[in-house]
Structures are given as structure tokens and as C-alpha cells.
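Student: Here you go, one structure.
Bear in mind these aren't lab numbers, they're just calculated from the coordinates by the rules spelled out. Since this is a predicted model, take the numbers as computed values, not measurements. So basically every Cβ, Gly included, is an ideal-geometry build from the backbone, and we count neighbours across all protein chains shown.
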Amino acid sequence: MKYLPAFLGAIFSSAVVAGCYSQPLEVVDESAIATETSVTTPAQVADDSNMQSKEPKSMEAGRDEVKDSAQAFVPAGAKPLETIKGDLNGDGIEDALLVIDPPAPGNLAAGENGPDRIVMLVLGGADGKWHLAARNNKLVPCSNCGGVMGDPFGYARVSSGSFTVVNSGGSRERWTDSYTFRYAPADKAWWLEGVSRQVIDTETDAENKKDFTAAELGKVRFEDFDPSSVPAVTLP
């Protein structure tokens with residue numbers, strides 16, 4: 001009888017163990033666990049934050065776009081007026097200045113002026129790709145803004161690290177405006193260097209010309225420049 005408790009205990013333990021193994025094993029869905037317990041690595045966090053910061057910057061400033069050719073930056077429905085090649089930032093690689101005529105809105109009434117032109121600075125890269133660096137939507141007036149002289153866009157020229165855009169128009173009194181911008185490597189930006197405005201009376205040859213310096217006009221980036229901020233030049 002003294003061995004009975006030990007014997008019964010052994011039988012009970014065997015029954016418990018047998019009962020545990022007699023239950024069907026639960027199949028664990030590893031994919032569910034992976035989904036519920038997925039861990040984001042520091043590298044993934046860095047990638048996500050970079051993506052979130054780059055997209056608004058690209059949309060807001062109109063930069064950081066990369067394409068295979070300068071002409072690829074012309075928006076759909078727009079008309080390229082001129083493409084001037086040259087070294088816009090002085091790095092020895094050919095760049096391009098684009099003057100683009102955007103499509104007129106569909107609700108434009110007869111006699112109303114269309115939109116001003118778009119001027120883009122597109123930089124060539126050592127990798128053969130083209131990068132949109134800056135754009136201005138006010139520098140060149142609309143196609144009907146030149147009076148009887150027609151389209152006011154005259155021409156543009158590119159020198160090493162600078163460029164100039166010239167507009168003209170009028171009738172008897174003909175006006176010519178010249179805008180020059182220069183690249184600052186430290187800022188990676190083009191700043192207004194000077195403006196020249198001239199008016200000539202084609203019948204009397206009376207003339208008035210005024211050159212405005214950056215010291216007079218202030219420090220203005222190319223993309224922020226508005227010609228209407230420069231004082232008008234008129235004949236006496």
C-alpha cells in the first residue's frame with residue numbers, strides 16, 4: 001500500500017501527457033505573424049522620410065526633375081519658341097535655356113491676352129541626363145503683348161555662367177527690355193545682374209534709356225523676378 005500513491009501519480013502524469021499529445025496541433029500561419037509583427041528597419045525609415053521630403057520640394061520649386069533631353073521638359077500642349085544652348089552655370093557642360101509658349105486656356109475671350117511665356121533653365125549632367133534647375137513664368141510676355149510689333153519675345157543669349165533675355169514691342173514708340181542674370185555657385189542660383197530699358201520714337205528719333213543695377217533692384221533670384229517690379233522708362 002505504501003507504493004500506491006506513487007503508482008497512481010505515475011498513471012495520472014501519463015494520462016495528462018497522453019491527453020496533451022492527443023489534441024490536434026494548431027497550424028500557425030507564418031505570413032499572418034509576419035504581417036502583424038513586421039519591423040521597419042532604420043534604412044526603410046530613412047527611405048520613407050526622404051521620399052516624403054523630396055516630393056513636396058520637387059512640386060513646390062519645380063526642380064529635381066531628370067529627363068533624357070532638354071526638349072522633354074516642354075509641357076504637353078505647349079510650343080517651344082526657342083532653345084539656346086550654352087554653359088549656364090560655368091561647369092563646362094552644355095546646358096539649355098528654353099522659351100516655351102504655354103497653351104491658352106479654353107475660356108479665353110476674343111481680344112484677351114494669353115498667358116506669359118515660360119523660361120526654363122535646364123542643366124546638362126555628366127551622366128548625360130538633363131536636370132530642370134529653375135523656371136520663370138513672367139519674364140517673357142504673351143504673344144499679343146508686343147503691340148503692332150507682334151510677338152514681344154526678341155531673343156536670348158547664354159554666356160558662361162550667365163544669360164540675357166531681350167523683349168521688344170510698341171508702335172511709334174518702340175521699347176526694348178533686356179534682363180541679365182548671373183549664376184552664383186555658392187547659392188546654386190541665378191541672381192538678377194541688371195536690367196536695361198529703352199524707348200525710341202521712330203518719327204523723331206527721341207530716345208530714353210535707363211540701366212538698372214542689382215544694387216538698385218535688390219537681390220532677386222531668376223525664378224522670383226517680375227519685370228513689373230522695374231520702373232518704366234518713358235519719353236519726356
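Student: Viscosity 1.002 mPa s, temperature 20 °C: Stokes-Einstein D of region 64-139 from its Kirkwood Cα radius, in µm² per second?
Tutor: D = 161 µm²/s.
Student: Turning to a different aspect of this structure: If each Cα of region 166-236 is one equal point scatterer, what is log10 of I(q)/I(0) from the Debye formula at q = 0.12, 0.20 Å⁻¹?
Tutor: -0.37, -0.81
Student: In Å and on Cα atoms, what radius of gyration and Dmax does region 99-203 show?
Tutor: Computed over the Cα atoms of region 99-203, radius of gyration and Dmax are 16.1, 54 Å.
Student: Give me the distance in nm between label points sitting 7 Å out from Cα along the Cα-to-Cβ direction at K129 and D211, one decimal.
Tutor: Distance between label points: 4.1 nm.
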